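Step one of this worksheet: look at the structure below.
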Amino acid sequence: MAHRWTNDLTHDDVTPKSAYLNRRQLMAGMAGLGLAALAPKAQAASDLTPTDFDVITQYNNFYEFGTGKEDPAKHAHRLTTQPWSIKIDGMVDRPGDYALSDILSKMTIEERLYRFRCVEAWSMVVPWNGFELKDLLDLAGVQSSAKYVAFETLYRPDEMIGQKSPFLDWPYVEGLRLDEANHPLTLMATGLYGKDMPKQNGAPIRLVVPWKYGFKSIKSIVRITLTDKEPPTSWNKSIPGEYGFYSNVNPEVDHPRWSQASERPIGGGFFAKRIPTLKFNGYEKEVASLYDGMDLRKNY
Amino acid sequence: MINTLNTLVRKVPNWLLYLVGATYPAWLLYAGFTGGLGVDPVKAMEHALGKVGLQVLIAVLLISPLRRFTKFNFLSWRRALGVIAFFYILLHFLVWMVLDVQIISQVKADILKRPYIIVGMISLLILLPLALTSNNLSIRKLGPRWRKLHKMTYLAVALGGVHYIMQTKGFEYEPYIYLAVVLGLIAIRKLPKKRAGHPAKRQAA
Ligand code: HEM
(Lines give C-alpha, C1' and ligand atoms only; values in the text may rest on other atoms or scores of the structure.)
Protein backbone atom coordinates (compact mmCIF):
# COMPACT_ATOMS: atom_id res chain seq x y z
CA MET A 1 0.00 0.00 0.00
CA ALA A 2 1.50 3.30 -1.06
CA HIS A 3 1.29 6.68 0.66
CA ARG A 4 1.61 5.48 4.20
CA TRP A 5 3.91 8.42 4.78
CA THR A 6 3.50 12.00 3.59
CA ASN A 7 6.25 14.40 2.67
CA ASP A 8 6.56 17.73 4.41
CA LEU A 9 6.92 19.13 0.92
CA THR A 10 4.61 19.14 -2.04
CA HIS A 11 5.75 17.74 -5.37
CA ASP A 12 5.59 21.21 -6.82
CA ASP A 13 8.45 22.32 -4.62
CA VAL A 14 10.72 19.95 -6.50
CA THR A 15 9.46 19.40 -10.01
CA PRO A 16 6.39 20.32 -11.98
CA LYS A 17 3.87 17.56 -11.41
CA SER A 18 3.80 16.58 -15.06
CA ALA A 19 7.53 15.91 -15.09
CA TYR A 20 7.82 13.95 -11.94
CA LEU A 21 7.30 10.50 -13.32
CA ASN A 22 9.76 9.05 -15.74
CA ARG A 23 8.57 7.26 -18.81
CA ARG A 24 9.32 3.77 -17.61
CA GLN A 25 7.47 4.42 -14.40
CA LEU A 26 4.56 6.29 -15.89
CA MET A 27 2.31 3.32 -16.42
CA ALA A 28 2.94 1.97 -12.97
CA GLY A 29 2.55 5.39 -11.47
CA MET A 30 -0.82 6.40 -12.93
CA ALA A 31 -2.77 4.97 -10.04
CA GLY A 32 -0.48 6.71 -7.59
CA LEU A 33 -1.00 10.08 -9.21
CA GLY A 34 -4.70 9.76 -8.82
CA LEU A 35 -4.33 8.95 -5.16
CA ALA A 36 -1.85 11.74 -4.60
CA ALA A 37 -4.50 14.28 -5.52
CA LEU A 38 -6.76 12.92 -2.80
CA ALA A 39 -4.07 12.53 -0.17
CA PRO A 40 -4.07 15.16 2.59
CA LYS A 41 -2.19 18.21 1.37
CA ALA A 42 1.36 18.51 2.61
CA GLN A 43 1.76 19.50 6.22
CA ALA A 44 3.53 22.65 7.32
CA ALA A 45 5.93 23.73 4.62
CA SER A 46 9.43 22.76 5.62
CA ASP A 47 12.60 24.62 4.78
CA LEU A 48 14.03 21.54 3.10
CA THR A 49 15.45 22.67 -0.21
CA PRO A 50 16.36 19.91 -2.63
CA THR A 51 20.02 19.75 -3.54
CA ASP A 52 20.70 20.52 -7.22
CA PHE A 53 20.43 17.59 -9.61
CA ASP A 54 23.99 18.22 -10.83
CA VAL A 55 25.31 18.03 -7.29
CA ILE A 56 23.42 14.84 -6.47
CA THR A 57 24.79 13.20 -9.62
CA GLN A 58 28.40 14.40 -9.43
CA TYR A 59 29.26 13.75 -5.82
CA ASN A 60 28.81 10.08 -4.99
CA ASN A 61 30.27 7.39 -2.84
CA PHE A 62 29.80 4.36 -5.05
CA TYR A 63 33.06 2.52 -4.59
CA GLU A 64 32.18 0.01 -7.29
CA PHE A 65 33.22 2.79 -9.66
CA GLY A 66 36.25 4.15 -7.79
CA THR A 67 37.14 5.82 -4.53
CA GLY A 68 36.88 9.47 -5.62
CA LYS A 69 33.62 11.34 -5.26
CA GLU A 70 33.65 12.11 -8.99
CA ASP A 71 34.61 8.59 -10.09
CA PRO A 72 31.05 7.24 -10.20
CA ALA A 73 29.93 10.06 -12.52
CA LYS A 74 32.96 9.33 -14.70
CA HIS A 75 32.79 5.53 -14.85
CA ALA A 76 29.20 4.46 -14.19
CA HIS A 77 28.22 4.81 -17.86
CA ARG A 78 29.76 1.34 -18.40
CA LEU A 79 27.05 -0.27 -16.32
CA THR A 80 24.33 -2.04 -18.27
CA THR A 81 21.05 -2.06 -16.41
CA GLN A 82 18.89 -3.90 -18.88
CA PRO A 83 17.72 -6.54 -18.44
CA TRP A 84 17.62 -6.38 -14.65
CA SER A 85 16.14 -8.73 -12.15
CA ILE A 86 16.25 -9.17 -8.41
CA LYS A 87 16.64 -12.59 -6.91
CA ILE A 88 14.47 -12.82 -3.82
CA ASP A 89 15.21 -15.86 -1.71
CA GLY A 90 15.50 -17.20 1.81
CA MET A 91 12.46 -17.23 4.05
CA VAL A 92 9.85 -16.23 1.51
CA ASP A 93 6.82 -18.05 0.12
CA ARG A 94 7.57 -17.16 -3.48
CA PRO A 95 11.33 -17.19 -4.03
CA GLY A 96 12.65 -16.50 -7.50
CA ASP A 97 14.13 -14.08 -9.98
CA TYR A 98 11.85 -11.09 -10.23
CA ALA A 99 12.26 -9.07 -13.42
CA LEU A 100 12.41 -5.39 -12.60
CA SER A 101 9.84 -4.57 -15.25
CA ASP A 102 7.40 -7.02 -13.65
CA ILE A 103 8.02 -5.55 -10.23
CA LEU A 104 7.46 -2.01 -11.50
CA SER A 105 4.22 -2.94 -13.17
CA LYS A 106 2.84 -3.83 -9.75
CA MET A 107 4.20 -0.85 -7.80
CA THR A 108 3.03 2.68 -7.22
CA ILE A 109 5.84 5.15 -7.75
CA GLU A 110 5.82 8.02 -5.31
CA GLU A 111 8.07 10.99 -4.81
CA ARG A 112 9.80 11.22 -1.46
CA LEU A 113 11.86 14.24 -0.54
CA TYR A 114 14.34 12.91 2.02
CA ARG A 115 17.34 14.22 3.87
CA PHE A 116 20.41 12.18 2.98
CA ARG A 117 23.18 12.07 5.60
CA CYS A 118 26.51 10.45 4.78
CA VAL A 119 28.53 8.93 7.60
CA GLU A 120 31.34 11.25 6.45
CA ALA A 121 29.33 14.18 7.87
CA TRP A 122 28.04 15.69 4.64
CA SER A 123 24.44 15.86 3.55
CA MET A 124 22.03 16.50 0.73
CA VAL A 125 18.28 16.64 0.25
CA VAL A 126 17.12 14.30 -2.48
CA PRO A 127 13.77 14.03 -4.26
CA TRP A 128 13.63 10.29 -4.81
CA ASN A 129 11.07 8.36 -6.80
CA GLY A 130 10.30 4.86 -5.73
CA PHE A 131 8.04 2.47 -3.85
CA GLU A 132 8.07 1.12 -0.34
CA LEU A 133 10.26 -1.90 0.24
CA LYS A 134 7.41 -3.50 2.15
CA ASP A 135 5.37 -3.72 -1.05
CA LEU A 136 8.14 -5.73 -2.68
CA LEU A 137 8.54 -7.97 0.35
CA ASP A 138 4.78 -8.58 0.33
CA LEU A 139 5.07 -9.62 -3.30
CA ALA A 140 7.48 -12.38 -2.29
CA GLY A 141 5.58 -13.29 0.86
CA VAL A 142 7.78 -13.02 3.94
CA GLN A 143 7.57 -16.06 6.22
CA SER A 144 7.00 -15.55 9.91
CA SER A 145 10.39 -17.00 10.80
CA ALA A 146 12.23 -14.17 8.97
CA LYS A 147 13.76 -11.46 11.13
CA TYR A 148 16.22 -9.71 8.82
CA VAL A 149 16.58 -8.67 5.21
CA ALA A 150 19.92 -8.98 3.43
CA PHE A 151 20.74 -7.06 0.23
CA GLU A 152 23.42 -7.53 -2.38
CA THR A 153 24.79 -5.24 -5.09
CA LEU A 154 25.61 -6.43 -8.58
CA TYR A 155 29.12 -7.89 -8.93
CA ARG A 156 30.40 -7.25 -12.44
CA PRO A 157 34.01 -6.02 -12.37
CA ASP A 158 34.13 -5.51 -16.15
CA GLU A 159 31.56 -2.79 -15.80
CA MET A 160 32.08 -1.80 -12.18
CA ILE A 161 35.77 -1.18 -12.45
CA GLY A 162 36.19 -0.30 -8.78
CA GLN A 163 35.50 -3.95 -8.00
CA LYS A 164 38.89 -4.80 -9.48
CA SER A 165 40.48 -3.20 -6.42
CA PRO A 166 40.33 -4.88 -2.99
CA PHE A 167 38.95 -1.68 -1.44
CA LEU A 168 36.05 -3.68 0.02
CA ASP A 169 35.11 -7.34 0.04
CA TRP A 170 32.88 -7.41 -3.08
CA PRO A 171 30.01 -7.71 -3.70
CA TYR A 172 28.71 -4.99 -1.43
CA VAL A 173 26.19 -6.33 1.06
CA GLU A 174 23.84 -4.61 3.47
CA GLY A 175 21.05 -5.53 5.80
CA LEU A 176 18.08 -4.32 7.79
CA ARG A 177 16.01 -5.71 10.60
CA LEU A 178 12.62 -6.77 9.24
CA ASP A 179 10.74 -4.03 11.12
CA GLU A 180 13.12 -1.45 9.65
CA ALA A 181 12.60 -2.91 6.20
CA ASN A 182 8.83 -2.79 6.61
CA HIS A 183 8.81 0.80 7.82
CA PRO A 184 6.91 3.09 5.45
CA LEU A 185 9.92 5.42 5.17
CA THR A 186 12.06 2.64 3.71
CA LEU A 187 12.10 3.11 -0.02
CA MET A 188 13.19 1.17 -3.07
CA ALA A 189 14.18 4.08 -5.27
CA THR A 190 14.09 3.88 -9.05
CA GLY A 191 14.69 7.51 -9.86
CA LEU A 192 15.33 11.02 -8.64
CA TYR A 193 14.05 14.38 -9.78
CA GLY A 194 11.51 12.45 -11.82
CA LYS A 195 14.19 10.87 -14.00
CA ASP A 196 15.33 7.26 -14.18
CA MET A 197 17.90 6.57 -11.50
CA PRO A 198 21.26 7.89 -12.77
CA LYS A 199 23.80 5.07 -12.90
CA GLN A 200 26.13 6.79 -10.46
CA ASN A 201 23.30 6.93 -7.93
CA GLY A 202 22.61 3.21 -8.00
CA ALA A 203 20.65 2.39 -11.15
CA PRO A 204 18.31 0.86 -11.78
CA ILE A 205 17.07 0.27 -8.26
CA ARG A 206 18.49 1.04 -4.85
CA LEU A 207 17.49 1.18 -1.23
CA VAL A 208 16.91 4.47 0.61
CA VAL A 209 16.72 4.39 4.40
CA PRO A 210 16.65 8.08 5.28
CA TRP A 211 17.27 7.80 9.03
CA LYS A 212 20.46 5.80 8.57
CA TYR A 213 23.87 6.81 7.24
CA GLY A 214 24.05 6.73 3.47
CA PHE A 215 26.09 3.54 3.16
CA LYS A 216 23.12 1.52 4.43
CA SER A 217 21.21 2.57 1.32
CA ILE A 218 22.71 -0.09 -0.94
CA LYS A 219 22.74 0.54 -4.68
CA SER A 220 22.12 -1.49 -7.87
CA ILE A 221 20.45 -4.32 -5.96
CA VAL A 222 20.38 -7.81 -7.50
CA ARG A 223 19.49 -9.94 -4.52
CA ILE A 224 17.30 -9.74 -1.45
CA THR A 225 17.39 -12.54 1.10
CA LEU A 226 15.08 -12.98 4.06
CA THR A 227 16.84 -14.59 7.01
CA ASP A 228 16.57 -15.11 10.75
CA LYS A 229 20.16 -14.05 11.48
CA GLU A 230 21.68 -10.59 11.41
CA PRO A 231 23.29 -10.50 7.96
CA PRO A 232 26.88 -9.35 7.43
CA THR A 233 27.28 -5.80 6.09
CA SER A 234 30.24 -4.61 4.01
CA TRP A 235 31.52 -1.67 6.06
CA ASN A 236 31.06 -3.55 9.29
CA LYS A 237 33.18 -6.38 7.89
CA SER A 238 35.80 -3.90 6.72
CA ILE A 239 36.12 -1.69 9.83
CA PRO A 240 33.92 -3.13 12.61
CA GLY A 241 34.99 -0.53 15.16
CA GLU A 242 33.72 2.30 12.98
CA TYR A 243 30.62 0.98 11.22
CA GLY A 244 27.98 -1.04 13.00
CA PHE A 245 24.92 -2.90 11.75
CA TYR A 246 22.43 -0.21 12.75
CA SER A 247 24.23 2.95 11.67
CA ASN A 248 21.36 5.21 12.61
CA VAL A 249 22.14 8.90 12.17
CA ASN A 250 22.94 10.08 15.66
CA PRO A 251 24.58 13.41 16.56
CA GLU A 252 25.35 12.08 20.04
CA VAL A 253 27.49 9.15 18.92
CA ASP A 254 30.68 10.23 17.17
CA HIS A 255 32.47 8.31 14.49
CA PRO A 256 35.86 7.41 15.99
CA ARG A 257 37.54 9.77 13.52
CA TRP A 258 35.15 12.72 13.44
CA SER A 259 32.18 14.24 15.18
CA GLN A 260 28.67 13.45 13.97
CA ALA A 261 27.16 16.45 15.74
CA SER A 262 27.03 18.53 12.58
CA GLU A 263 27.15 18.13 8.82
CA ARG A 264 28.21 20.04 5.72
CA PRO A 265 25.42 20.46 3.17
CA ILE A 266 26.99 19.82 -0.24
CA GLY A 267 26.53 22.31 -3.02
CA GLY A 268 27.08 25.55 -1.14
CA GLY A 269 30.65 26.20 -2.27
CA PHE A 270 33.59 27.26 -0.11
CA PHE A 271 31.61 28.96 2.61
CA ALA A 272 28.70 26.58 3.11
CA LYS A 273 27.83 26.66 6.81
CA ARG A 274 27.66 23.47 8.81
CA ILE A 275 24.22 22.61 10.15
CA PRO A 276 23.41 20.57 13.24
CA THR A 277 22.74 16.90 12.57
CA LEU A 278 19.32 15.72 13.72
CA LYS A 279 18.73 12.51 15.61
CA PHE A 280 17.60 9.80 13.19
CA ASN A 281 18.33 12.43 10.54
CA GLY A 282 15.13 14.30 11.47
CA TYR A 283 12.90 11.23 11.37
CA GLU A 284 12.91 10.65 15.11
CA LYS A 285 9.15 10.96 15.38
CA GLU A 286 8.69 8.24 12.77
CA VAL A 287 11.33 5.70 13.73
CA ALA A 288 12.56 6.19 17.32
CA SER A 289 10.07 3.62 18.61
CA LEU A 290 11.81 0.90 16.56
CA TYR A 291 14.72 1.21 18.97
CA ASP A 292 12.93 1.51 22.29
CA GLY A 293 15.08 0.14 25.08
CA MET A 294 18.14 -0.25 22.86
CA ASP A 295 21.48 1.28 23.76
CA LEU A 296 22.19 3.28 20.60
CA ARG A 297 25.77 3.88 21.68
CA LYS A 298 26.44 0.16 21.77
CA ASN A 299 24.32 -0.59 18.73
CA TYR A 300 25.92 2.07 16.52
CA MET B 1 74.42 16.80 -19.65
CA ILE B 2 74.09 16.44 -15.89
CA ASN B 3 76.40 19.37 -15.41
CA THR B 4 74.36 21.66 -17.66
CA LEU B 5 71.21 20.66 -15.81
CA ASN B 6 72.85 21.23 -12.46
CA THR B 7 74.00 24.67 -13.57
CA LEU B 8 70.50 25.48 -14.75
CA VAL B 9 69.00 24.29 -11.48
CA ARG B 10 71.41 26.46 -9.54
CA LYS B 11 70.52 29.46 -11.65
CA VAL B 12 66.84 29.38 -10.74
CA PRO B 13 66.37 32.13 -8.17
CA ASN B 14 64.55 31.32 -4.93
CA TRP B 15 61.88 33.93 -5.50
CA LEU B 16 60.88 32.11 -8.69
CA LEU B 17 60.44 28.86 -6.76
CA TYR B 18 58.31 30.62 -4.17
CA LEU B 19 56.26 32.25 -6.90
CA VAL B 20 55.61 28.95 -8.66
CA GLY B 21 54.87 27.38 -5.27
CA ALA B 22 52.32 30.07 -4.47
CA THR B 23 50.47 29.65 -7.75
CA TYR B 24 49.24 26.20 -6.77
CA PRO B 25 47.05 27.23 -3.80
CA ALA B 26 46.02 30.33 -5.74
CA TRP B 27 44.92 28.11 -8.60
CA LEU B 28 43.06 25.81 -6.19
CA LEU B 29 41.20 28.81 -4.83
CA TYR B 30 40.35 30.06 -8.30
CA ALA B 31 39.27 26.59 -9.44
CA GLY B 32 37.20 26.18 -6.29
CA PHE B 33 35.28 29.38 -6.96
CA THR B 34 34.73 28.60 -10.62
CA GLY B 35 33.59 25.00 -10.25
CA GLY B 36 36.89 23.40 -11.22
CA LEU B 37 37.10 21.47 -7.95
CA GLY B 38 33.68 19.90 -8.27
CA VAL B 39 30.70 20.39 -6.00
CA ASP B 40 32.64 20.12 -2.74
CA PRO B 41 35.57 22.49 -3.15
CA VAL B 42 36.34 22.42 0.59
CA LYS B 43 37.18 18.71 0.73
CA ALA B 44 38.86 18.86 -2.68
CA MET B 45 41.16 21.65 -1.53
CA GLU B 46 41.83 20.03 1.84
CA HIS B 47 42.82 16.78 0.17
CA ALA B 48 44.84 18.38 -2.62
CA LEU B 49 46.89 20.47 -0.20
CA GLY B 50 47.57 17.51 2.08
CA LYS B 51 48.58 15.29 -0.79
CA VAL B 52 50.70 17.79 -2.72
CA GLY B 53 52.25 18.99 0.55
CA LEU B 54 53.32 15.44 1.29
CA GLN B 55 54.62 15.01 -2.26
CA VAL B 56 56.76 18.15 -2.04
CA LEU B 57 58.11 17.00 1.33
CA ILE B 58 59.08 13.69 -0.23
CA ALA B 59 60.75 15.59 -3.06
CA VAL B 60 62.75 17.47 -0.42
CA LEU B 61 63.90 14.17 1.08
CA LEU B 62 64.80 12.85 -2.39
CA ILE B 63 67.32 15.62 -3.04
CA SER B 64 70.06 14.17 -0.88
CA PRO B 65 70.01 10.56 -2.20
CA LEU B 66 69.62 11.89 -5.74
CA ARG B 67 72.88 13.77 -5.35
CA ARG B 68 74.51 10.81 -3.75
CA PHE B 69 73.53 8.08 -6.17
CA THR B 70 73.10 9.98 -9.43
CA LYS B 71 74.82 13.29 -9.83
CA PHE B 72 71.75 15.42 -10.00
CA ASN B 73 72.08 18.30 -7.65
CA PHE B 74 68.96 20.10 -6.54
CA LEU B 75 70.45 21.17 -3.24
CA SER B 76 69.90 24.84 -3.99
CA TRP B 77 66.15 24.19 -4.16
CA ARG B 78 65.82 22.27 -0.94
CA ARG B 79 65.15 25.09 1.42
CA ALA B 80 62.54 26.77 -0.77
CA LEU B 81 60.78 23.45 -1.44
CA GLY B 82 60.69 22.73 2.27
CA VAL B 83 59.15 26.09 3.04
CA ILE B 84 56.63 25.72 0.21
CA ALA B 85 55.62 22.26 1.49
CA PHE B 86 55.16 23.63 4.99
CA PHE B 87 53.02 26.39 3.55
CA TYR B 88 50.79 23.82 1.79
CA ILE B 89 50.41 21.73 4.93
CA LEU B 90 49.64 24.84 6.98
CA LEU B 91 46.93 25.73 4.46
CA HIS B 92 45.73 22.11 4.59
CA PHE B 93 45.30 22.57 8.34
CA LEU B 94 43.63 25.98 7.95
CA VAL B 95 41.17 24.74 5.32
CA TRP B 96 40.28 21.89 7.67
CA MET B 97 39.81 24.23 10.62
CA VAL B 98 38.11 27.21 8.99
CA LEU B 99 36.16 25.84 6.02
CA ASP B 100 35.60 22.19 6.94
CA VAL B 101 35.04 21.87 10.69
CA GLN B 102 34.22 25.56 11.27
CA ILE B 103 32.98 25.14 14.82
CA ILE B 104 35.79 25.99 17.20
CA SER B 105 34.70 23.64 19.99
CA GLN B 106 34.60 20.82 17.46
CA VAL B 107 38.08 21.76 16.17
CA LYS B 108 39.44 21.52 19.71
CA ALA B 109 37.67 18.25 20.39
CA ASP B 110 39.00 16.75 17.16
CA ILE B 111 42.58 17.83 17.86
CA LEU B 112 42.39 16.24 21.30
CA LYS B 113 40.69 12.97 20.54
CA ARG B 114 41.07 11.92 16.90
CA PRO B 115 44.24 9.86 16.51
CA TYR B 116 44.76 10.72 12.82
CA ILE B 117 44.38 14.43 13.56
CA ILE B 118 46.78 14.12 16.51
CA VAL B 119 49.38 12.47 14.28
CA GLY B 120 48.92 15.19 11.63
CA MET B 121 49.17 17.88 14.30
CA ILE B 122 52.42 16.45 15.69
CA SER B 123 53.82 16.38 12.18
CA LEU B 124 52.81 19.99 11.60
CA LEU B 125 54.26 21.05 14.96
CA ILE B 126 57.56 19.41 14.04
CA LEU B 127 57.57 21.18 10.69
CA LEU B 128 56.88 24.57 12.26
CA PRO B 129 60.31 25.23 13.84
CA LEU B 130 61.95 23.81 10.72
CA ALA B 131 60.15 26.32 8.53
CA LEU B 132 60.92 29.13 10.95
CA THR B 133 64.65 28.34 10.91
CA SER B 134 64.87 27.98 7.14
CA ASN B 135 66.89 31.17 6.72
CA ASN B 136 70.58 32.12 6.68
CA LEU B 137 70.48 33.82 10.02
CA SER B 138 69.20 30.71 11.81
CA ILE B 139 71.72 28.52 10.04
CA ARG B 140 74.55 30.75 11.24
CA LYS B 141 73.19 31.10 14.75
CA LEU B 142 72.37 27.43 15.31
CA GLY B 143 75.57 26.11 13.74
CA PRO B 144 75.80 22.29 13.90
CA ARG B 145 72.54 22.16 15.83
CA TRP B 146 70.74 23.34 12.68
CA ARG B 147 71.53 20.12 10.81
CA LYS B 148 70.41 18.04 13.74
CA LEU B 149 67.17 19.97 14.01
CA HIS B 150 66.43 19.64 10.33
CA LYS B 151 66.89 15.86 10.41
CA MET B 152 63.49 15.96 12.11
CA THR B 153 62.07 16.41 8.61
CA TYR B 154 62.25 12.63 8.22
CA LEU B 155 60.10 12.08 11.29
CA ALA B 156 57.60 14.74 10.25
CA VAL B 157 57.20 13.30 6.75
CA ALA B 158 56.90 9.73 8.07
CA LEU B 159 54.15 10.90 10.43
CA GLY B 160 52.50 12.64 7.48
CA GLY B 161 52.52 9.26 5.68
CA VAL B 162 51.03 7.53 8.72
CA HIS B 163 48.37 10.23 8.98
CA TYR B 164 47.54 9.65 5.31
CA ILE B 165 47.02 5.93 5.94
CA MET B 166 44.96 6.58 9.04
CA GLN B 167 42.50 8.87 7.27
CA THR B 168 41.51 6.35 4.59
CA LYS B 169 38.44 4.20 4.74
CA GLY B 170 38.47 0.83 3.07
CA PHE B 171 41.70 -0.43 1.58
CA GLU B 172 43.81 1.68 -0.77
CA TYR B 173 47.33 1.02 -2.02
CA GLU B 174 48.33 4.62 -2.54
CA PRO B 175 48.95 5.78 1.04
CA TYR B 176 51.02 2.68 1.74
CA ILE B 177 53.18 3.44 -1.28
CA TYR B 178 53.84 6.92 0.11
CA LEU B 179 54.82 5.60 3.51
CA ALA B 180 56.99 2.90 1.92
CA VAL B 181 58.82 5.54 -0.09
CA VAL B 182 59.43 7.64 3.02
CA LEU B 183 60.66 4.65 5.01
CA GLY B 184 62.83 3.67 2.06
CA LEU B 185 64.40 7.12 2.05
CA ILE B 186 65.10 6.83 5.76
CA ALA B 187 66.69 3.42 5.19
CA ILE B 188 68.89 4.76 2.38
CA ARG B 189 70.21 7.42 4.72
CA LYS B 190 71.46 4.67 6.98
CA LEU B 191 73.59 3.12 4.23
CA PRO B 192 77.24 3.56 5.11
CA LYS B 193 78.45 6.68 3.31
CA LYS B 194 82.17 5.96 2.81
CA ARG B 195 81.80 2.68 0.98
CA ALA B 196 78.88 3.73 -1.13
CA GLY B 197 81.19 3.73 -4.16
CA HIS B 198 82.26 0.12 -3.62
CA PRO B 199 80.81 -2.07 -6.40
CA ALA B 200 79.51 -4.78 -4.07
CA LYS B 201 77.76 -2.24 -1.93
CA ARG B 202 76.23 -0.59 -4.93
CA GLN B 203 74.57 -3.78 -5.91
CA ALA B 204 73.19 -4.21 -2.46
CA ALA B 205 71.76 -0.72 -2.57
C1 HEM C 1 47.01 19.77 12.19
C2 HEM C 1 47.38 18.99 11.29
C3 HEM C 1 46.53 18.28 10.29
C4 HEM C 1 45.16 18.15 10.20
C5 HEM C 1 44.12 18.73 11.13
C6 HEM C 1 44.87 17.36 9.04
C7 HEM C 1 43.61 17.01 8.63
C8 HEM C 1 43.33 16.22 7.57
C9 HEM C 1 42.02 15.84 7.14
C10 HEM C 1 40.74 16.27 7.82
C11 HEM C 1 42.15 15.06 6.05
C12 HEM C 1 41.00 14.46 5.23
C13 HEM C 1 40.34 13.34 5.90
C14 HEM C 1 39.03 13.01 5.28
O15 HEM C 1 38.54 13.72 4.40
O16 HEM C 1 38.45 12.02 5.69
C17 HEM C 1 43.54 14.92 5.78
C18 HEM C 1 44.06 14.20 4.73
C19 HEM C 1 45.40 14.20 4.41
N20 HEM C 1 46.42 14.84 5.09
FE21 HEM C 1 46.24 15.93 6.75
N22 HEM C 1 46.05 17.02 8.45
C23 HEM C 1 47.07 17.55 9.18
C24 HEM C 1 48.41 17.45 8.92
C25 HEM C 1 48.94 16.83 7.82
C26 HEM C 1 50.34 16.72 7.53
C27 HEM C 1 51.43 17.27 8.40
C28 HEM C 1 50.44 16.06 6.34
C29 HEM C 1 51.65 15.68 5.54
C30 HEM C 1 52.86 15.83 5.88
C31 HEM C 1 49.12 15.74 5.90
C32 HEM C 1 48.83 15.05 4.76
C33 HEM C 1 47.58 14.60 4.41
C34 HEM C 1 47.33 13.76 3.27
C35 HEM C 1 48.35 13.26 2.26
C36 HEM C 1 45.95 13.52 3.26
C37 HEM C 1 45.17 12.67 2.26
C38 HEM C 1 44.78 13.50 1.09
C39 HEM C 1 44.05 12.69 0.05
O40 HEM C 1 43.22 11.84 0.40
O41 HEM C 1 44.34 12.89 -1.12
N42 HEM C 1 48.22 16.23 6.83
N43 HEM C 1 44.24 15.64 6.72
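A few comments on the model shown:
- FRET efficiency, 1/(1 + (r/R0)^6) with R0 30 Å, evaluated for A:H77 and B:Y173 via beta carbons: 0.75
- Summary of the geometry: the stretch A:242-273 and the stretch B:148-182, compared by the centres of their Cα atoms, lie 26 Å apart.
- Each listed q (0.16, 0.20, 0.23 Å⁻¹) maps to a log10 I(q)/I(0) for the stretch B:1-44, found by the Debye formula over equal Cα scatterers with no solvent: -0.58, -0.66, -0.74.
- Protection-proxy order for peptides B:101-109, B:74-82, each taking the mean of Cβ atoms within 10 Å per residue, highest first: B:74-82, B:101-109
- Per-selection Rg to Rh, the stretch B:2-204 - Cα, Kirkwood hydrodynamic radius: 1.00
- Association of chains A and B removes close to 2400 square angstrom of accessible area from solvent, both sides included, for a probe radius of 1.4 Å.
- Packing here is the average count of other Cβ atoms within 10 Å per residue, and on that basis the peptides B:187-193, A:114-120, B:147-153, highest first, run A:114-120, B:147-153, B:187-193.
- Quotient of C-alpha Rg and 2.2 N^0.38 Å, computed over the stretch A:50-291: 0.96
- Kirkwood hydrodynamic radius of the protein assembly as shown, from inverse mean 1/r over distinct Cα pairs, in Å: 25.6 Å
- Equivalent-ellipsoid semi-axes of the stretch A:46-113, from the Cα gyration tensor, Å, largest first: 29, 20, 12
- Spin-label pair B:K141/A:H255, simplified geometry with 7 Å Cα→Cβ offset, distance in nm: 4.3 nm
- The stretch A:162-257 - Debye-derived log10 I(q)/I(0), Cα point model, q = 0.13, 0.23 Å⁻¹: -0.49, -1.39
- Per residue accessible area in Å² of the protein assembly as shown, where ligands, DNA and RNA are left out and the probe is 1.4 Å: 47 Å²
- Added length on full extension, which subtracts the Cα-Cα distance from 0.36 nm per residue, A:D169 to A:K87: 27.5 nm
- Sites B:F72 and B:T34, calculated FRET efficiency, Cβ-Cβ separation with R0 41 Å, nearest 0.05: 0.65
- Accessible carbon and sulfur surface of the stretch B:57-148 relative to its total accessible area, %, 1.4 Å: 71 percent
- Across the stretch A:50-291, the mean sequence separation of Cα contacts (distance under 8 Å, 6 or more residues apart), normalised by length, yields a relative contact order of 22 percent.
- Each peptide in B:134-144, A:92-102 gets a packing score, the mean of other Cβ atoms within 10 Å over its residues, and the list from highest to lowest is A:92-102, B:134-144.
- Seen from B:G35, the other residues with C-beta closer than 13 Å to its C-beta sum to a net charge of -4, counting Lys and Arg as +1 and Asp and Glu as -1.
- Residues along the stretch A:257-279 losing 50 Å² or more of accessible surface when the other protein chains are present rather than the chain by itself (probe 1.4 Å): A:R257, A:R264, A:F270, A:R274
- Residues losing 10 Å² or more accessible surface upon assembly, the stretch A:206-241, compared with the chain by itself, 1.4 Å: A:W235, A:I239
- Amide H contacts for A:K87 (H built 1.01 Å from N in the peptide plane; partners 5 or more residues away or on another chain; cut-off under 5 Å): A:Y98, A:R223, A:I224.
- Simple label model, 7 Å out from Cα along Cβ direction - B:W27 to A:D102, nm: 5.6 nm
The values are calculated or read from the model by the stated rules, or taken from the named source; none is laboratory data. From a predicted model like this one, the values you see are computed outputs, not experimental measurements. Glycine gets a Cβ as well: all are built from the backbone with ideal geometry, and neighbour counts include every protein chain shown. Each accessible area value is taken on the protein alone, full model and side chains, heavy atoms only, with ligands, DNA and RNA left out. Shrake-Rupley method; radii C 1.70, N 1.55, O 1.52, S 1.80 Å.
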